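The structure appears right after this line, and notes come after that.
The values are calculated or read from the model by the stated rules, or taken from the named source; none is laboratory data. Everything quoted here is computed from the prediction, not taken from an experiment. Neighbour counts run over all protein chains shown; Cβ positions are idealised from the backbone, glycine included.
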Amino acid sequence: MAKPNIETILSQLKGKPAFTRERFKEVLEEIKKWDGRLEGEIHVTAVDGKKRSAYFGRKDFEAIKDGTKPNFYLRYNSLQFLAQYYPGGAPLSISFCHGPLQKIPDCRQDPHLTANIQQWKADWFVSDYRRTLRENLEATLNIMDSVNKVVCFGLGPIYHFKGRPYTQHLAACEIRDVLLKVNKNVQIYAQEPSYCDMCRSELKKLGITVVDDPEGFLLIDKNTFVVTVAPNVPVRQIAVDLTYEHGGPAGMLCDRIFGDGRPCEDVSCPSSPAVWAWRERCAELPLVRDKNFPTSRVYVKGVHEKSVVYEEVEEVEETDMERWKPWVADEASSTCVPSCFPCPR
Ligand SMILES: C[S@@+](CC[C@H](N)C(=O)[O-])C[C@H]1O[C@@H](n2cnc3c(N)ncnc32)[C@H](O)[C@@H]1O
């Protein structure tokens with residue numbers, strides 16, 4: 001089957017970003033107006049700039065078994081998703097779904113969590129990834145754009161996958177600690193719908209403030225360092241679009257950006273022409289590869305590779321990477337149930 005083509009969507013956007021503060025504001029206001037009703041209309045602006053309306057009636061909420069109040073949550077549609085489901089163009093970059101409250105897996109299920117956390121911290125402290133991240137970020141400090149916050153997305157609940165999500169949070173803390181050498185105040189925020197209470201309290205100990213969706217996105221500005229590994233949402237498109245007029249965020253630890261999203265990438269966080277243009281304004285820090293960051297890279301804006309002397313790194317053997325198994329979101333964190341506006345299913 002031919003890959004979907006994002007050109008139609010791009011032409012409807014007329015060079016403007018798809019994810020804007022205006023779109024967030026509009027969708028949030030519509031949800032607020034809904035206020036527990038079981039039927040009514042919703043009006044939102046599509047990517048072609050025209051308003052769309054949808055009617056929700058009682059039958060749309062039949063699948064909600066655990067209460068009467070519809071629980072809306074946002075759905076972020078990448079350019080590639082829109083191209084696939086709306087090949088003729090439009091509708092929404094931010095749509096919303098409703099469904100029962102999600103069941104969050106509880107970290108307390110893991111009786112070894114405290115001991116594991118100690119071990120993950122110890123492993124992180126001596127890892128080559130940490131060393132090269134620190135050394136190379138330090139080398140760029142005086143020439144990179146200033147940073148006053150690190151915002152993390154989709155790093156996962158902390159007890160999952162042998163410390164991989166926990167270690168990704170430790171990397172965010174490491175970035176904060178390095179940035180604190182030149183910035184007086186650097187806060188860390190994390191948005192992840194699958195955090196349980198235990199995650200929240202463990203992350204607080206690391207100085208990380210958990211925020212609800214979409215607050216994390218609304219925190220992104222030109223002085224933000226974004227940290228995201230294999231998220232289920234198009235974080236890179238959202239981050240670059242929200243800071244479009246400033247040329248993108250100050251830095252990102254994210255999945256490798258290897259093109260402009262054409263032809264469509266079969267991933268939940270695909271690239272885009274704007275993401276690629278941002279990447280071209282950045283230097284990529286040379287880091288060793290690590291099983292906890294199998295696909296990621298670190299990009300820093302405002303730094304030209306030739307002006308920095310980086311620490312030389314050796315790549316780890318491919319065979320070490322093979323032990324890593326892709327994270328599969330469990331049912332509890334799946335979205336789009338039972339109905340979305342607009343719902344392509
Ligand atoms: C494939 S997992 C990756 C987890 C972890 N980063 C890793 O590499 O193992 C994708 C994560 O994105 C999260 N996610 C889904 N919707 C999100 C949203 N709106 N904001 C932030 N994270 C989200 C999911 O809950 C899930 O934990």
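Would region 116-130 turn up any residue that is modelled with pLDDT under 85, in contact with a helix residue (DSSP H, G or I) (Cβ under 6 Å, 6 or more places away or on another chain) and charged (D, E, K, R)? For region 116-130, residues modelled with pLDDT under 85, in contact with a helix residue (DSSP H, G or I) (Cβ under 6 Å, 6 or more places away or on another chain) and charged (D, E, K, R): absent. Would you mind finding the one in VAL233, VAL240, VAL226, VAL210 that is within 23 Å of ARG75 (Cβ to Cβ) and part of a helix (DSSP H, G or I)? Result of the check over VAL233, VAL240, VAL226, VAL210: VAL240.
Regarding HIS169, is this residue at negative phi and free of Cβ contacts under 8 Å to residues at least 60 places away in the same chain?
Values: at negative phi: yes; free of Cβ contacts under 8 Å to residues at least 60 places away in the same chain: yes.
Judged against the criteria, HIS169 is a match.
Touching a strand residue (DSSP E or B) at 6+ places or on another chain (Cβ under 7 Å), modelled with pLDDT of 70 or more, closer than 22 Å to LYS25 by Cβ and not hydroxyl-bearing (Ser, Thr, Tyr) - does that describe any residue in region 96-113? Yes, some residue in region 96-113 is touching a strand residue (DSSP E or B) at 6+ places or on another chain (Cβ under 7 Å), modelled with pLDDT of 70 or more, closer than 22 Å to LYS25 by Cβ and not hydroxyl-bearing (Ser, Thr, Tyr).
Remark: pairs (first residue in region 199-222, polar (S, T, N, Q); second residue surrounded by fewer than 17 Cβ atoms within 10 Å (Cβ to Cβ); Cβ separation under 7 Å; 6+ apart in sequence or on different chains) = THR209/GLN187. For region 223-233, a tally of residues being within 24 Å of LEU92 (Cβ to Cβ) and more than 10 Å from the ligand (Cβ to nearest atom) returns 1. Considering ALA250, ALA190, which residue is assigned by TED's automatic domain parsing to the domain that holds ALA277, without any contact (Cβ under 8 Å) to a residue 40 or more places away in the chain and crowded, with 24+ Cβ neighbours inside 10 Å? Going through ALA250, ALA190 in turn, just one is assigned by TED's automatic domain parsing to the domain that holds ALA277, without any contact (Cβ under 8 Å) to a residue 40 or more places away in the chain and crowded, with 24+ Cβ neighbours inside 10 Å: ALA190.
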